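Let me begin by presenting the structure, written as structure tokens, before commenting on it.
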Amino acid sequence: MAKFNVLDIQLKGKNLVEASAGTGKTYSIAILVLRLLLEEKKEISRILMVTFTNKAVGELADRVRKFVKIALKYLEDPKIKVELEIKLIIDRELTITGRAELEQLLKSALYNMDEAPIQTIDSFAGECLTSYAFETGRPFGQELITDYSEVVETCVQKFWRENIANKNEEEYVQLKRHISLQTLQALVYEAINAKEYIYGENILKKLHSQENKFRHLWAGKLKKYLKEIDDLDLKGFREAKKEKLKDKFKDFNQFITCIRQKDNKTNNEAVAILFPEEEKLYEDLDLTGNHPVHALYNECIKKSVRKIYDFFKENNLITYKQILDKLHDVLEENDHLQEILSKRYDAVFIDEFQDTNRTQYEIYDQAFGKNNLIFYIGDPKQSIYGFRGADLHSYTVAAAKVDHFHTMDVSFRSTEKMTKALNIFFKPSDDFDTFHTAQSLESKEEKLNINYIPVSSGKKDKNAVGVTDATGNAIPLRIFTEENKDDILYHSVSLVKNLLGPDYLLNNKRIKPSDIGILVRNGYEGEDLKHELTVAEVKAITMNDNKIFSAKEAKSVSYLLEAVENPNRGNINRALLTELTKYSRRELLELDEDSLSEMFRKYRKLWFESGVYALLRKFMDEFGVVHFLMKEKSEEGLRSLSNLTQIAEVLQQEELHNQVGPTALLKYLNYQISSSNAVGDEYEQRIESDEDAVQIYNIHKAKGLQFPIVIAPYLDLDDTKEWNFNTFRDPVENVYKFYAKGLAPTIAKDFFVRQNTQENRRLLYVTLTRAEYNCFLFRESGADSALKPFVEALENNEQATGLIEVNEFNLAENVQLYKQDQDTEKWGEALDPGTNNLKDKNWRKMSFSGLSSKGPYTLKENSAEEMEEYDKFIFKEIPGGKKMGNLLHELFENIDFDDASEHKNMLEDIVDRYYPEKKEELAKLEEFIPAVLKAKIKFDEDSEEVNLHRLGKSDKICELEFDFLSRSFKLSQLRDVPELNGFKIYTKKWPFSPEGMLTGFVDLLFRQNEKFYILDWKSNYLGDSLEHYEKEDLVAAMNENNYHLQYLIYTVAVKRFLESRLGSDFDYSRDFGGVIYMFLRGNREGEDTGVFTTKPSFEQVQYFEELFYKDNMEDELRTFEEIKNDFTSQI
């Protein structure tokens, strides 16, 4: 391994150049091309340059063209200042070749630059198949298809109809937790992308054979096992428990569960005593492969993939993957094509080599590996595209086969202090395994040769001081430790405000927003940060890989087009209740229905006559959408407006290109929203503004970029996190495989976790090496993540002194942003002060969810083996998530509690709307209703029992909406409520004191036993047995979800409401019964499981009232709908 010198490296043979971050990879390629043009007299059209993205192609082409121009200018005028390498190359060649000849070579290269083969691997392979159609056997007129998501969806739907819809109930129950249309589509995508399902048909045959062998062994020893259980003398292990354990041993699958000590505590203890050798005996048995879903997955892959490729063939279509596979196979068999390509190019540069996959590398090796000058240039430390199929092991193979291996270790990006800090961070000790690639005997995986290479700085201002605070402190790398993600979010915003404040400088100058790059792992984190920065009056823009149809505005446009296509009042109301207009329901009711209908009919006519773009512009003009977004939503409005414009343009393009009408266009839009698989630059979200702003980037999107200051709030990357399907490389077979979450043998999961850990560490490397001067990281204390071993290795590391600092966040938390004087350099267009003087900058609309933060998460049990049929339905079969929660809320909002005659019909209607594909399965919810309504509800032994099933319509109000004005308060004051007695309250940590309108909905307010009660329905999953819905676990759930803050706010609102209606006749202590939280999965008829009750003390309610209400505030509480007459009269 030799250090790379761009001027002296020999231009021959096979070369691998490992270019660490910021070492000038693109620069060096352009210099090498210049040397080839002048020293080797090669034509530009015979120098192949392959890189990863179209953007990289453009950058490389620009750099080569620029250097040729500069060289030509220097040749004409040696006095001009040029890059040192260009000067030295020209001066050296002038001693060998005449000036006129060099000038001719450069002019020829410049003239023929458009012929320079600078391509992506996909375009290179496609051009090969087209140019050499006879040799490759490519059919004439074959068309490239980049987005085939609709083809996949159609084939999977057909498979569903033919193979799943007709299954009986018993078969479906076994499969339903692992199948849905979306799951099967994801499965097929994995298979199409050359990944092998771990439980393929041949593997299943071997597993079944192995299982039969072990079943025979178990059957032969069963009597012995049962006798030993009978004879065991163990405290608490009574006859009844022995009989239950014996029953389990009689079932082979349950026997394996018991032997592996994964049953209840008593059984595990008994098994550990009786059968210590059996667990080892059966440890190689893989029962996961028994699951019937594996056969279904194999069938789906086989049938769907065949139909997809049949469709491509019938329609003369080809994908990028098929192009690569075709070229690979032809090159493997056709020496003639190898010779043609080898002679076609004199030199080959493969940029971003670490991101290639096995097929791509073998194409390069077969075509150019024998006779051509070839440079593989990349950095294995920056291989972060495993999800796209990048195969880092191809890099390892190439490293073993090349003639010369060079390293680039001078960073032209980071300062001397920053590079020293990075060197210590990534290599705190000689034996530190930076990229988790040390030999692992347990997994038997071969070692990846990835080592951290210490770098030095070649930056022109390498001794620049970077960021300094008021005391002159200039630590280049700071790591802040926080308690939770909410604190990280809050302090990230505080950090940005500090940096932009008057006390911080960058190289002795004020820090501008555009000096700061915030790197995040996903779009959700980026949006949260952007929102909070906007609230804090900091300009920020997001730069990520999000598709435009994943934006919330796409759904709003869908609602609008649906209303125009079918202009009934329901559709129109839904279209106008989006964030585009922000009509309230009260305001909608005040609009004239006939006028609205007429307006939308005109929109429909406009759509047919002038197209969708004209329609959307007309709607935005007439409803003042642009004015509203820009005036009311500030930076968020700019993002929304950018999204709307882009969506309108993409829809217009689809409309014109494919000549589709309104119905087909609406179908296209809804399909794109649901699939988010659109391919093409036009589908990527645009930047909403190019103003001076903090830039928020996805880490993958930031690769290749640099920022003066980097902030990385969320680098606690979870190495063990699984997705629905998880990919790993099988090192034994050298193929990529994938498995379904929860259905994998231990060794497969070990491979996945190990390889995921390696990629997460490479993500850390990419993130930190984006920084020029300073980097700020946040980590969650106690989080077992990719970042943890690095931070632990820094403890008591003397080398880190003055370079790296790890501590709790200790900067000011309420900083006024620095305001630049008008006479100084302008950062952007100043707004008219008269239009930007907001009296109440912290006034906002607030709700419980907006103020609340989650408590510590409690792991939910999901391991119970034996349970009643009803419990199995409740805990295992009812879907989780918001959709089911909404269904249950709507159910109990609409049924009559005291009249069960219509429960079944009402249930069927609601289920049909939410889960039409699960109508039969969810019919069991009919048993669920009385279990909830007849649950035992008591506040204490002396109080009267509350009976929901006796509650009439006139005694209850569902979905009581409230909104009342609140004065300014600190969120920390919400946590200081008296008499919590072990109950916990968590809030966000805003750097300001909010005031404004506090809003919310009370699920149910009712009167019984001469008292008023608040009730909230909760569909939370707390565990898979009733013991998890007992009082102690309910208190934990209330704490975890911060429901104590919720009911305190609701109680204050309801008290205010009742006092406004009843006046002095209402006495809180006497007339308010309390708060009931029904955790529906735990409710059982006649039992109090799943029922949490409490009554906030008068002191607690008074504390909140004094916190929220202004002294002179009149009655500002309102309900959205008029109080029902019969209820009001009785009040």
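In table form, for the structure just shown:
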item	result
Hits in the stretch 132-153 - residues which are more than 41 Å from the chain's Cα centre (by Cα) and part of a helix (DSSP H, G or I)	Ala133, Phe134, Glu135
Set Arg358, Arg344: member being touching an Asp or Glu at 6+ places or on another chain (Cβ under 6 Å), surrounded by fewer than 20 Cβ atoms within 10 Å (Cβ to Cβ) and either within 18 Å of Lys14 (Cβ to Cβ) or of a type in the set (Lys, Arg) (or both)	Arg358
Helices (runs of 4 or more DSSP H) contained in the stretch 538-600 and holding at least 2 residues closer than 22 Å to Leu641 by Cβ	552-565, 569-576
Criterion violated by Ser443 - all others in (1) at pLDDT 90 or above; (2) closer than 30 Å to Gln755 by Cβ; (3) part of a loop (DSSP other than H, G, I, E, B) satisfied	(1)
Qualifying residues in the stretch 981-990 (those that are touching a residue at least 12 places away in the same chain (Cβ under 8 Å) and of a type outside the set (Val, Ile, Thr)) - the one surrounded by the fewest Cβ atoms within 10 Å (Cβ to Cβ)	Gly982
Residues of the stretch 727-748 that turn out to be touching a strand residue (DSSP E or B) at 6+ places or on another chain (Cβ under 7 Å) and acidic (Asp, Glu), as a count	1
Count of the stretch 953-975 residues which are in contact (Cβ under 8 Å) with a residue 40 or more places away in the chain, farther than 30 Å from Asn894 by Cα and among the charged types (D, E, K, R)	1
Output for the stretch 1096-1108, where each listed residue is surrounded by 21 or more Cβ atoms within 10 Å (Cβ to Cβ) and not in a helix (DSSP H, G or I)	Pro1096
Condition broken by Glu190, with the remaining ones in (1) part of a helix (DSSP H, G or I); (2) closer than 30 Å to Phe387 by Cβ; (3) out of contact with any strand residue (DSSP E or B) (no Cβ under 7 Å at 6 or more places or on another chain) satisfied	(3)
Qualifying residue in the stretch 996-1008 (condition: closer than 19 Å to Leu1045 by Cβ and free of Cβ contacts under 8 Å to residues at least 24 places away in the same chain)	no
Single residue of the stretch 485-517 satisfying the filter (basic (Lys, Arg) and under 30 Å from Gly782 (Cβ atoms)) that is surrounded by the most Cβ atoms within 10 Å (Cβ to Cβ)	Lys497
Members of the stretch 283-302 found to be buried (at least 16 other Cβ atoms within 10 Å of the Cβ) and farther than 22 Å from Lys167 by Cβ, listed by number	Leu285, Asp286, Leu287
Among (1) surrounded by fewer than 21 Cβ atoms within 10 Å (Cβ to Cβ); (2) of a type in the set (A, V, I, L, M); (3) outside the structural domain of Val156 (by TED's automatic domain parsing) - the single one Val305 does not satisfy	(3)
Residues of the stretch 952-986 that turn out to be touching a helix residue (DSSP H, G or I) at 6+ places or on another chain (Cβ under 8 Å) and either polar (S, T, N, Q) or not assigned by TED's automatic domain parsing to the domain that holds Val1035 (or both), as a count	3
From the options Glu196, Glu201, Glu228, residue that is in contact (Cβ under 8 Å) with a residue 40 or more places away in the chain, in contact with a helix residue (DSSP H, G or I) (Cβ under 6 Å, 6 or more places away or on another chain) and either loosely packed, with under 11 Cβ neighbours inside 10 Å or within 30 Å of Val152 (Cβ to Cβ) (or both)	Glu201
Pair list, Cβ under 8 Å, 6 or more apart: the stretch 114-131 residue within 15 Å of Arg46 (Cα to Cα) and part of a helix (DSSP H, G or I), other residue among the β-branched types (Val, Ile, Thr) and at pLDDT below 90	Cys128/Thr136
Single residue of the stretch 363-409 satisfying the filter (surrounded by fewer than 18 Cβ atoms within 10 Å (Cβ to Cβ) and among the charged types (D, E, K, R)) that is farthest from Lys14 (Cα to Cα)	Arg388
Positions within the stretch 991-1020 being under 27 Å from Glu813 (Cβ atoms) and surrounded by fewer than 20 Cβ atoms within 10 Å (Cβ to Cβ), in sequence order	Pro991, Phe992, Ser993, Glu995, Gly996, Met997
Residue in the stretch 752-764 that is of a type in the set (Ser, Thr, Tyr), at pLDDT 90 or above, over 23 Å from Arg639 (Cβ atoms) and outside any strand (DSSP E or B) present	yes
Inter-residue pairs, beta-carbon under 9 Å, first under 17 Å from Glu562 (Cα atoms) and of a type in the set (Val, Ile, Thr) and in the stretch 643-665, second surrounded by fewer than 16 Cβ atoms within 10 Å (Cβ to Cβ) and modelled with pLDDT under 85, 6+ apart	Val660/Lys667
Any helices (runs of 4 or more DSSP H) falling wholly within the stretch 194-267 and containing at least 3 residues that are at pLDDT below 85 and among the aliphatic types (A, V, I, L, M)	201-231
Those residues of the stretch 995-1036 which are among the small types (Gly, Ala, Ser) and either out of contact with any helix residue (DSSP H, G or I) (no Cβ under 8 Å at 6 or more places or on another chain) or more than 29 Å from Phe1057 (Cβ to Cβ) (or both), in sequence order	Gly996, Gly1023, Ser1025, Ala1036
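Residue by residue, here is whether (1) farther than 30 Å from Gly802 by Cα; (2) among the charged types (D, E, K, R); (3) assigned to a strand (DSSP E or B) holds:
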{"site": "Glu332", "(1), (2), (3)": "yes, yes, no"}
{"site": "Gln360", "(1), (2), (3)": "yes, no, no"}
{"site": "Gln366", "(1), (2), (3)": "yes, no, no"}
{"site": "Ala390", "(1), (2), (3)": "yes, no, no"}
{"site": "Tyr395", "(1), (2), (3)": "yes, no, no"}
{"site": "Ala398", "(1), (2), (3)": "yes, no, no"}
{"site": "Thr419", "(1), (2), (3)": "no, no, no"}
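For every residue, the table says whether it meets (1) part of a strand (DSSP E or B); (2) among the aliphatic types (A, V, I, L, M); (3) surrounded by 16 or more Cβ atoms within 10 Å (Cβ to Cβ).
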| position | (1), (2), (3) |
| --- | --- |
| Thr23 | no, no, yes |
| Ile29 | no, yes, yes |
| Val57 | no, yes, yes |
| Ile70 | no, yes, yes |
| Ile80 | no, yes, no |
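The values are calculated or read from the model by the stated rules, or taken from the named source; none is laboratory data. Here the structure is a predicted model, which means the values were calculated and not measured. Every residue, glycine among them, receives a Cβ derived from its backbone with ideal geometry; neighbour counts consider all protein chains shown.
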